[in-house]
Amino acid sequence: MKTDDQLTGAAKAARTTGSILRIEHHVSDYPSWKAAFDADPLDRSRSGVIGYRVMRAADDASSVMIDLEFASTGQAEVMRERLQTLWQGPASTFIRDPRARVVDVIEGGATEA
């Protein structure tokens, strides 16, 4: 993922506008999950994803969160629907309790050191 200084156009605007699809679930095997994520079965770029972040809970390594950044709420909603279909298929073998929620970015910024 690019740093804020490397972003241009729609990607920079999405940092302070746009929508995020926040995904949360538990994984039984992180390396297998990560390989599936990296295989990109839903083609994030062609689906309108302009940035993403993968996180794991500090107190529970099986708890994974993903933020997918979109320029519009509509794109995020479509991706959420596609994810729900994916979760009912092959992904169900190594994830549990999947949730996804679309949130709108209201403000963004950085603190000074």
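The values are calculated or read from the model by the stated rules, or taken from the named source; none is laboratory data. Note that the coordinates shown come from a computational prediction; the quantities given were computed from them, not determined experimentally. Virtual Cβ from ideal backbone geometry, glycine too; neighbours counted across all protein chains shown.
Only a single item in (1) at pLDDT below 95; (2) within 15 Å of the chain's Cα centre (by Cα); (3) farther than 16 Å from Ile20 by Cβ is not met by Val105, and it is number (3).
Can you tell me which residue within the stretch 26-38, out of those that are under 14 Å from the mean Cα position of the chain (by Cα) and free of Cβ contacts under 8 Å to residues at least 24 places away in the same chain, is nearest to Glu77 (Cα to Cα)? The extreme case among them is Asp38. Output the residues belonging to the stretch 54-77 that are within 17 Å of Arg96 (Cβ to Cβ) and exposed (fewer than 15 other Cβ atoms within 10 Å of the Cβ). Within the stretch 54-77, Arg56, Ala57, Asp60, Ala61, Met65 meet the criteria. Scanning the stretch 24-54 for residues that are hydrophobic (A, V, I, L, M, F, W, C) and out of contact with any Ser or Thr (no Cβ under 7 Å at 6 or more places or on another chain) returns Trp33, Ala35, Ala36, Phe37, Ala39, Leu42, Val49, Ile50, Val54.
Answer yes or no: is there a residue in the stretch 78-93 that is farther than 24 Å from Tyr30 by Cα and surrounded by 11 or more Cβ atoms within 10 Å (Cβ to Cβ). Yes, the stretch 78-93 has at least one match. Scanning the stretch 64-113 for residues that are in contact (Cβ under 8 Å) with a residue 60 or more places away in the chain, part of a loop (DSSP other than H, G, I, E, B) and under 17 Å from Asp43 (Cβ atoms) turns up just one, Ala71.
For the stretch 42-63, the set of residues classified as under 18 Å from Val105 (Cβ atoms), in contact (Cβ under 8 Å) with a residue 40 or more places away in the chain and among the aliphatic types (A, V, I, L, M) consists of Ile50 only.
Taking the criterion of being out of contact with any strand residue (DSSP E or B) (no Cβ under 6 Å at 6 or more places or on another chain) and more than 14 Å from Asp67 (Cα to Cα), the residues of the stretch 95-113 that qualify are Ile106, Glu107, Gly108, Gly109, Ala110, Thr111, Glu112, Ala113. Being touching a helix residue (DSSP H, G or I) at 6+ places or on another chain (Cβ under 7 Å), of a type in the set (S, T, N, Q) and at pLDDT 95 or above: is that true of Ser19 here? Against the criterion (touching a helix residue (DSSP H, G or I) at 6+ places or on another chain (Cβ under 7 Å), of a type in the set (S, T, N, Q) and at pLDDT 95 or above), Ser19 qualifies.
Among the residues of the stretch 19-63, those that are on the phi < 0 side of the Ramachandran plot, among the charged types (D, E, K, R) and assigned to a loop (DSSP other than H, G, I, E, B) comprise Asp29, Arg44, Asp59. Among the residues making up the stretch 14-41, a single one is in contact with a Leu (Cβ under 7 Å, 6 or more places away or on another chain) and over 25 Å from Gly108 (Cβ atoms): Pro41.
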